[in-house]
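Trainee: Here it is, the structure in full.
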Amino acid sequence: MAFRYEFRLSGSGGQGLILAGKILAEAAAIYDGKNATQSQSYGPEARGGSSRSEIIISDEEIDYPKAVNIDLLLVFTQEACDKYCKDIREGGILLADSEYVTKVPTGNFKTYFLPITEIAEKEVGKALVANIVALGMITELTHAISKDAVESAILSRVPKGTEDLNRKAFTVGINAVKRLIKKRP
């Protein structure tokens, strides 16, 4: 059976979701040898407006670049959660920053509410890397892309001199999900 995985990363401008989407697509296509597309949408505001990045990964050709049957939805704002949670496929995953998403939607999908931005600030030292923390969480939750591929793509995309900080953020995200899953019954 063909492998296909659809991601939507959503929130507001300035949260690094477009960069995170590019990293996921690059990890899949360049480092894991899969087919990948990435598309993005954001409001006219530079910061604070809505922002969305969609990534499709497949081992077959991708004939339509927009995600329509979401396997994993990452939301950094309540607005994004309210708008997009209806698009999560049955059995999919909702990953939400619990600091900003307080109204829990119902649906036939798994929910993971973690204080992503707070984890970035407290465990890494900078809230700015919350997007990279989220990439670690996504990698651990889905196993759709290898950890090595995502880490390589992160290191190729982040500003020079921030590699260690971003590597730590990625690892912190992976470990946060491992701790959460270990606690769940």
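Here, each number is a calculation from the coordinates, and none is a lab measurement. Keep in mind it's a predicted model, so treat the numbers as computed, not measured. Don't worry about glycine lacking a Cβ; one is built from the backbone with ideal geometry, like all the others, and counts go over all protein chains shown.
Trainee: Inside segment 11-20, can you point out the residues that are in a strand (DSSP E or B) and either charged (D, E, K, R) or surrounded by fewer than 24 Cβ atoms within 10 Å (Cβ to Cβ) (or both)?
Mentor: Narrowing segment 11-20 to residues in a strand (DSSP E or B): 11-12.
Across segment 11-20, the qualifying residue is only S12.
Trainee: Among the numbered criteria (1) under 14 Å from the mean Cα position of the chain (by Cα); (2) outside any loop (DSSP other than H, G, I, E, B), which one does A67 miss?
Mentor: A67 satisfies all of (1) under 14 Å from the mean Cα position of the chain (by Cα); (2) outside any loop (DSSP other than H, G, I, E, B) except (2).
Trainee: Tell me, yes or no, whether segment 107-115 has at least one residue that is under 15 Å from the mean Cα position of the chain (by Cα), under 18 Å from G21 (Cα atoms) and crowded, with 20+ Cβ neighbours inside 10 Å.
Mentor: no
Trainee: Could I ask something else about it? Failed condition for I23, given (1) in contact with a Lys or Arg (Cβ under 7 Å, 6 or more places away or on another chain); (2) farther than 25 Å from A169 by Cα; (3) surrounded by 14 or more Cβ atoms within 10 Å (Cβ to Cβ), with all others met?
Mentor: Status for I23: all satisfied but (2).
Trainee: Of all residues in segment 134-170, how many are within 18 Å of L114 (Cβ to Cβ) and over 14 Å from the mean Cα position of the chain (by Cα)?
Mentor: Here the count works out to 1.
Trainee: Can you work out which of the residues in segment 133-166 that are outside any helix (DSSP H, G or I) and not basic (K, R) is surrounded by the most Cβ atoms within 10 Å (Cβ to Cβ)?
Mentor: Initial filter on segment 133-166 (outside any helix (DSSP H, G or I)): 143-146, 158-162.
Now narrow it down to the ones that are not basic (K, R): 143-146, 158-159, 161-162.
On the way: H143: 10, A144: 22, I145: 27, S146: 14, V158: 18, P159: 8, G161: 7, T162: 16.
Residue satisfying both the conditions and the ranking: I145.
Trainee: A further question follows. Just to be sure before I move on: is A120 surrounded by 23 or more Cβ atoms within 10 Å (Cβ to Cβ) and either part of a strand (DSSP E or B) or of a type in the set (V, I, T) (or both) in the structure I sent? Steps first, answer last, please.
Mentor: Details: surrounded by 23 or more Cβ atoms within 10 Å (Cβ to Cβ): yes; either part of a strand (DSSP E or B) or of a type in the set (V, I, T) (or both): no.
So A120 does not fit the description; no.
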